[in-house]
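Reviewing the structure listed below.
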Amino acid sequence: MIEQLEYPFDSGELLQRKKSIKRELLKEENFMDKRVAILCGGTVGEMKHMLELFLLGHGIRPTFFEGQYNRFYEEAVYETEELVKFAPDIVYIHTSVINLYGFLEPGASIEEVEEAVEGEFSKFRQVWDKLLWEVKCPVIQNNFEQLPYRLLGNKDVYSPSGKLYYIRKFNDKLYAYAMENKNFYINDLAYEASSYGLERWFDEGMYYMYKYPFAVDAIPGVAFNIANIVKSIYGKNKKAVVLDLDNTLWGGVIGDDGVENLELGVDTPSGMAFSSFQKYIKDLSKIGITLNVCSKNDENIAKTGFSHRESVLQLDDFISFKANWNDKDKNIKEIMEELRVGENAIVFLDDNPAEREFVKKAIPDIQAPNLSSPESYVRTLDKGGFFEVTVLSSDDIERKEYYITNKKREEYWTSFTDYKEYLKSMEMVCLIEKFHNENIQRITQLINKTNQFNLTTKRYTQEQVQNFSEKEENITFCSHLSDKFGKNGIVSVMMVRVCKEIAFIDLWVMSCRVLKRDLELAMFDFLVKECIKRKIKMIQGVYYKTKKNAFVENLYKDLGFQLMTKDDGNSTWEYKVFPNYEEKNQVMEMRKT
């Protein structure tokens, strides 16, 4: 992402230079193309332009359907054909508090307010239900911000006839709907309005003249928020934080000041700020973000910093710990290798601007936000939108444990000279499972965030995965992998289209944490057996080359496929299915649920 699109961004510059910034962004390659429908409750012009910039910055190239002004209800409920024809990947409903009309007169009872809220809510629910069931794609809906005035003063927020009371009740029903519908997401417009400032948020002049529901200068921030939701849906969140130590996690230089003189804790304002930052970082690890250290330091001395009585973070919170005098880009590349993630999955946090610039030049796709003062560290990282949560699975929560057990596996490997014998000794079990309601969310998440073992680079929404699996002729399955060190959860997914006697591998992905363990052989064995059972005579596959999936460039060749065509790195392959097929997997037990 180019610097102008990183928080804190200059809204005026983005609005003024949107065309030139777009041209610069389009120089990149390997975009993910997505169709975005915007249904309008207010004027959407600049919103569309800003959303396009931020999506391009995330590697998503949008094509837009722009609804007519204040016809979001009609276009969703009665004129759905045009939307269905457009076939959007995402629908965003651009509404605000100006689209609520059910406010009651002073003196209304609680029962009357509840009836009014339910009546107006049912209209919105018709929109969402229609989109989810007929357009079949993720829907993003704004919640509703507070009004700029309070007719009843402070009582407006708790009196049944208060407009702020009505808005709160409406939002509560909106949140309940979001919890019940997995493909429905809320853009927290109320938070954006509060963050921007209500007095500046409402620009009555722009509304009366152009029907902009809020200040034009606030539009980039809202668009940034929506783009974060979209990129999270399609697996473009950051996965790991790499942290400097001195003056980043604590105040002072551990090698010069010693543990006892570090600024950390309640004794000083800066110490409190560093403690708050450590608490935030620790919380990130609880939602699956891996924590790692990259510091120019003596390792033994650096580690003593975590013995400080006020240190929230401890050594066992980190997956990789690089404290030495090497260039930081070298250490970060080693961390990436250990975690098996790409450079665009990393957020590098360092108080030193020179180090940040050096790393960004050496690793262009890494993000290194500007850390100006410890008091602003949490805000800078949180507002950056790096870790937007649209799905929080058990795999996310347990990710740290997966990395810990992987380290044990690597240490165990050092006692072997033969890799095949090492794999056999791991007591691996591959559990094959069909797609169902309980695993579909994790399957979709794995599809959208996997880059290295991804043959076709396709991304699917949960609805699309569900629809694909419900077609009886298709073959869909996923696999769990466990061994003597623990379980890895769902780590590989295959989606195969079947037409008569040909099976076409539409998608095949595998988590980076189980690469080089022959799981692909077990998966292929299962596919061939299914084809034999169905009397399918040919399996076809394609490989689309990207910057990140070179790992599987020769997969089909290694499995025994015949090369049919090859063009600019992309290739098509065929495999003839014979009844006397010999299984390729020799190192793990196969089970099926």
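Would you call Lys420 farther than 26 Å from Gln586 by Cβ and either of a type outside the set (Ser, Thr, Tyr) or free of Cβ contacts under 8 Å to residues at least 40 places away in the same chain (or both)? No: the conditions fail for Lys420. Here segment 453-474 is the region considered, the condition is being aromatic (Phe, Trp, Tyr) and not in a loop (DSSP other than H, G, I, E, B), and the residue that is most open to solvent (accessible area, probe 1.4 Å) is Phe468. Looking across segment 346-397, the residues that are in a helix (DSSP H, G or I), aliphatic (A, V, I, L, M) and out of contact with any Gly (no Cβ under 9 Å at 6 or more places or on another chain) come down to Ala354, Val359, Ala362, Val378, Leu381. Against the test of being crowded, with 18+ Cβ neighbours inside 10 Å, more than 24 Å from Glu74 (Cα to Cα) and touching a Ser or Thr at 6+ places or on another chain (Cβ under 6 Å), the options Pro138, Pro220 yield a single qualifying residue, Pro220. Of the residues making up segment 539-593, those that are aromatic (Phe, Trp, Tyr), open to solvent by less than 80 Å² (accessible area, probe 1.4 Å) and under 31 Å from the mean Cα position of the chain (by Cα) are Tyr543, Tyr556. Checking each residue in segment 311-345 for being of a type in the set (Lys, Arg) and part of a helix (DSSP H, G or I) picks out Lys328, Lys330, Lys333. Restricting attention to segment 554-571, the residues that are in contact with a Phe, Trp or Tyr (Cβ under 8 Å, 6 or more places away or on another chain) and at pLDDT 95 or above add up to 10. The requirement of being aromatic (Phe, Trp, Tyr), without any contact (Cβ under 8 Å) to a residue 60 or more places away in the chain and farther than 24 Å from Asp188 by Cα is fulfilled nowhere in segment 140-162; no residue meets it.
For Leu131, the criteria (1) open to solvent by 60 Å² or more (accessible area, probe 1.4 Å); (2) under 29 Å from the mean Cα position of the chain (by Cα) hold in every case but one, which is (1). Can you spot a residue in segment 99-116 that is in contact with an Asp or Glu (Cβ under 7 Å, 6 or more places away or on another chain) and outside any loop (DSSP other than H, G, I, E, B)? Looking for residues that are in contact with an Asp or Glu (Cβ under 7 Å, 6 or more places away or on another chain) and outside any loop (DSSP other than H, G, I, E, B), one finds none in segment 99-116, hence no.
Yes/no per residue for (1) more than 28 Å from the chain's Cα centre (by Cα); (2) part of a strand (DSSP E or B); (3) farther than 23 Å from Gly569 by Cβ:
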site: His480; (1), (2), (3): no, yes, yes
site: Met494; (1), (2), (3): no, yes, no
site: Leu507; (1), (2), (3): no, yes, no
site: Val528; (1), (2), (3): yes, no, yes
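Here's the yes/no breakdown for (1) crowded, with 19+ Cβ neighbours inside 10 Å; (2) within 26 Å of Val465 (Cα to Cα):
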{"residue": "Asp350", "(1), (2)": "yes, no"}
{"residue": "Phe358", "(1), (2)": "no, no"}
{"residue": "Lys420", "(1), (2)": "no, no"}
{"residue": "Glu433", "(1), (2)": "no, yes"}
{"residue": "Glu438", "(1), (2)": "no, yes"}
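Can you tell me which residues in segment 247-269 are part of a helix (DSSP H, G or I) and within 16 Å of Asp350 (Cα to Cα)?
If we filter segment 247-269 for residues that are part of a helix (DSSP H, G or I), which is where we start, we get 254-257, 259-261, 269.
Within segment 247-269, just Ile254 meets the criteria.
Go through the residues of segment 186-205 one by one and say whether even a single one is touching a Gly at 6+ places or on another chain (Cβ under 6 Å), touching a residue at least 60 places away in the same chain (Cβ under 8 Å), surrounded by 14 or more Cβ atoms within 10 Å (Cβ to Cβ) and in a helix (DSSP H, G or I). Checked against the condition, which is being touching a Gly at 6+ places or on another chain (Cβ under 6 Å), touching a residue at least 60 places away in the same chain (Cβ under 8 Å), surrounded by 14 or more Cβ atoms within 10 Å (Cβ to Cβ) and in a helix (DSSP H, G or I), segment 186-205 yields no hits at all. Return yes when Glu427 is farther than 25 Å from Lys547 by Cα, at pLDDT below 90, more than 19 Å from the chain's Cα centre (by Cα) and surrounded by fewer than 17 Cβ atoms within 10 Å (Cβ to Cβ) and no when it is not. Considered against the rule, which asks whether it is farther than 25 Å from Lys547 by Cα, at pLDDT below 90, more than 19 Å from the chain's Cα centre (by Cα) and surrounded by fewer than 17 Cβ atoms within 10 Å (Cβ to Cβ), Glu427 comes out as no.
For first residues located in segment 15-41 and closer than 20 Å to Asn448 by Cα, partners that are small (Gly, Ala, Ser) and open to solvent by 40 Å² or more (accessible area, probe 1.4 Å) and lie 6+ apart or on another chain with Cβ distances below 9 Å form the pairs Arg35/Ala87. Just checking, does segment 83-104 include any residue being among the charged types (D, E, K, R), over 30 Å from Glu28 (Cβ atoms) and either touching a Pro at 6+ places or on another chain (Cβ under 7 Å) or open to solvent by 10 Å² or more (accessible area, probe 1.4 Å) (or both)? Checked segment 83-104: no residue is among the charged types (D, E, K, R), over 30 Å from Glu28 (Cβ atoms) and either touching a Pro at 6+ places or on another chain (Cβ under 7 Å) or open to solvent by 10 Å² or more (accessible area, probe 1.4 Å) (or both). Among residues of segment 475-502 that are open to solvent by 10 Å² or more (accessible area, probe 1.4 Å), those with a Cβ under 6 angstrom from a residue that is hydroxyl-bearing (Ser, Thr, Tyr), sequence gap 6+ or separate chain, pair up as Thr476/Ser469; Phe485/Thr405; Gly486/Thr405.
The set of residues from segment 538-575 being in contact with a Leu (Cβ under 9 Å, 6 or more places away or on another chain) and hydroxyl-bearing (Ser, Thr, Tyr) comprises Tyr543, Tyr544, Tyr556, Ser571, Thr572, Tyr575.
The values are calculated or read from the model by the stated rules, or taken from the named source; none is laboratory data. The structure presented is a predicted model; accordingly, all values stated were derived computationally and were not measured. Using ideal geometry, Cβ is built from the backbone for each residue, glycine included, and neighbour counts are taken over all protein chains shown. Note: accessible area is taken over every heavy atom of the protein model, side chains too, but ligands, DNA and RNA are not part of it. Shrake-Rupley method; radii C 1.70, N 1.55, O 1.52, S 1.80 Å.
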